[in-house]
1. Using the Karplus equation 6.51 cos²θ - 1.76 cosθ + 1.60 (θ = phi - 60°), what ³J(HN,Hα) coupling, rounded to whole Hz, does each residue of the range 18-31 give in order, writing x for Gly and Pro?
2. Pairs to check: Lys156/Lys308; Lys230/Lys308; Lys165/Lys335; Lys230/Lys335. Give those whose C-alpha atoms are more than 25 Å from each other in this structure.
3. Just to verify a number: FRET efficiency for Gln10 and Leu318, C-beta to C-beta distance, R0 = 22 Å, to 0.05?
4. If I model the range 147-221 as equal point scatterers sitting on the Cα atoms and use the Debye formula, what is log10 I(q)/I(0) at q = 0.28 Å⁻¹?
5. Along each of its three principal axes, how wide is the spread of alpha-carbon positions in the range 332-416, in whole angstrom units, largest first?
6. With a point put 7 Å past each Cα toward its Cβ, work out how far Phe432 is from Phe212 in nm, to one decimal.
7. Using modelled amide H (1.01 Å from N, peptide plane; none on Pro or chain starts), what sits under 5 Å from the amide H of Leu38, excluding residues fewer than 5 places away?
8. Distance from the Cα centre of the range 89-149 to that of the range 199-236, in angstrom?
Amino acid sequence: MASGCLTCVQVLNIMVLLGFMLNYALRVNLTIAIVEMLYDVNDNQTAILNVTDSLNVTEHPEHIEQTRYHWDTKQKNLLLGCFFWGYVLTELPGGRLAEIVGARRVFGYSTLLASVLTLLTPSAAAIGFGWAVAVRVLLGFLLGATWPAILPMASKWIPPNDRSKFMSNMMASSLGAAITMPICGFLIAHFGWESAFYFTGLIGAMWSVAWFAVVYDTPADHPRISEEEKNYLMEVLPQDNTKKKGHMPVPWRSLLTSPPVWAIILTHATSVFGYFTVVNQLPTYIESILHYNIKHNGLLSSLPYLGKYLCALASSVLADSLRKSEKLSTTATRKLFTGFAVGVPGIMMLAQAYFGEDRVWSIAIFTLALTINGMVTAGYLGNGLDIAPNFSGTIFGLANTLSSFGGWLSTYMVGELTKENNTVDQWRIVFFILAGTYVFGAVTFVTLGSGELQPWNSPKEVAREEHEVEPLNEEKA
């Protein structure tokens, strides 16, 4: 590569950052759009389709005509939660598939097809509620493979002491939500809720084309990498027999009985349970409890996501610096940042339970809680690369599979608690539950977590060593 150009690692960082921004843009567009998709059941006027926005409780700068649907609160939460039905099915296969065939294809094709489905969402909703649910399930099925797929790519491209910063790119999903919420709020207010899906779907399709043009699975595969960068990466990240390693059998017994693995799985499940509850329900809470209109809703809903990304970036730089300077071990670093990232939001949810009715306090608490949660990138999120880089995709797939059930459970929980009485008291119960799950996750990782490479990461080498030891013992005997 010519002097002054971006390195391939820098290009990869940019594309992964943009990819995860789009990942959440394709996901959260519904959470802001659904506020305007539904007919106001509290309105005493006769329900009709193709009504003007004057029949809605939210205000718009202009009158626009758009289709609205007579879906009740239970159907609304079903539509928000059904994404996870598909999402849970591809977490583990997605991580393992990326270890075998490469993250380039898994991440790229999943995002491309998800973008196409997003473009089709308004048409599916027009056909019927069941079709809208089906599209969301398929969207979850495709996007479920993307998160665990990126860790195997990191093991081939990113040096160990730079991996916290790389993992912060995954938190660009929060940045994507922060940008998507206000943009979609503006588009919906001026052009109708359908525009939120057309905008995010088109951007996602454009990114997918760029991804296949500039990203490759390994330095050896990249046709435009400089010899200097390639040799450096091959030196710090030995990639001999890469193809064979992709087909290395998973040591399931060792993996599933490993305390550090379960520390990642359980902590991720509790953290994501809280995060998805906020992701899916914050716009509804702001509209129904705090009574902000759609444009303010989109802006205010974006604040926690923006804070989370900025915190993820800052904490990741700090974590890598602490490890490089050897001021903290990898284990101490992961436990310290995870404890803050998952434990403090639990305390914030207790505060939300008591001050959540106040507009200023509520927004401030939500923003602070999700901001601090961004520290997970310096904590458990990339911990699979520390303890077992050869099976990091599989570990993250397991963790995200369990957390996906939590994502569905959170929408079901809120739906059941608020379907009859959407009041502050019912939401207070939600916040108490979130506080307990967050604290449990923090304690679990601090107790069981580790940053040390596990011996079962290279099962073939372990087996070979054991085979070599046996003849020596026989000779001594």
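The values are calculated or read from the model by the stated rules, or taken from the named source; none is laboratory data. In this text the structure is predicted, and so the values were computed from the model without any measurement. Every residue, glycine among them, receives a Cβ derived from its backbone with ideal geometry; neighbour counts consider all protein chains shown. In case anyone asks, the SASA skips ligands and DNA or RNA and just uses the protein heavy atoms, side chains included. Shrake-Rupley method; radii C 1.70, N 1.55, O 1.52, S 1.80 Å.
1. Once θ is set to phi - 60°, the couplings for the range 18-31 become 5, x, 6, 4, 5, 3, 7, 4, 5, 8, 8, 4, 5, 5 Hz.
2. Working: Lys156/Lys308 27 Å; Lys230/Lys308 33 Å; Lys165/Lys335 17 Å; Lys230/Lys335 33 Å.
Violating the 25 Å limit, Cα to Cα: Lys156/Lys308; Lys230/Lys308; Lys230/Lys335.
3. Working: r = 21 Å, r/R0 = 0.94.
With R0 = 22 Å, the Cβ-Cβ based efficiency is 0.60.
4. Here the Debye-derived log intensity ratios amount to -1.27.
5. 48, 32, 14
6. 5.3 nm
7. Result for Leu38 returns Tyr69.
8. Measuring centre to centre over Cα atoms gives 21 Å.
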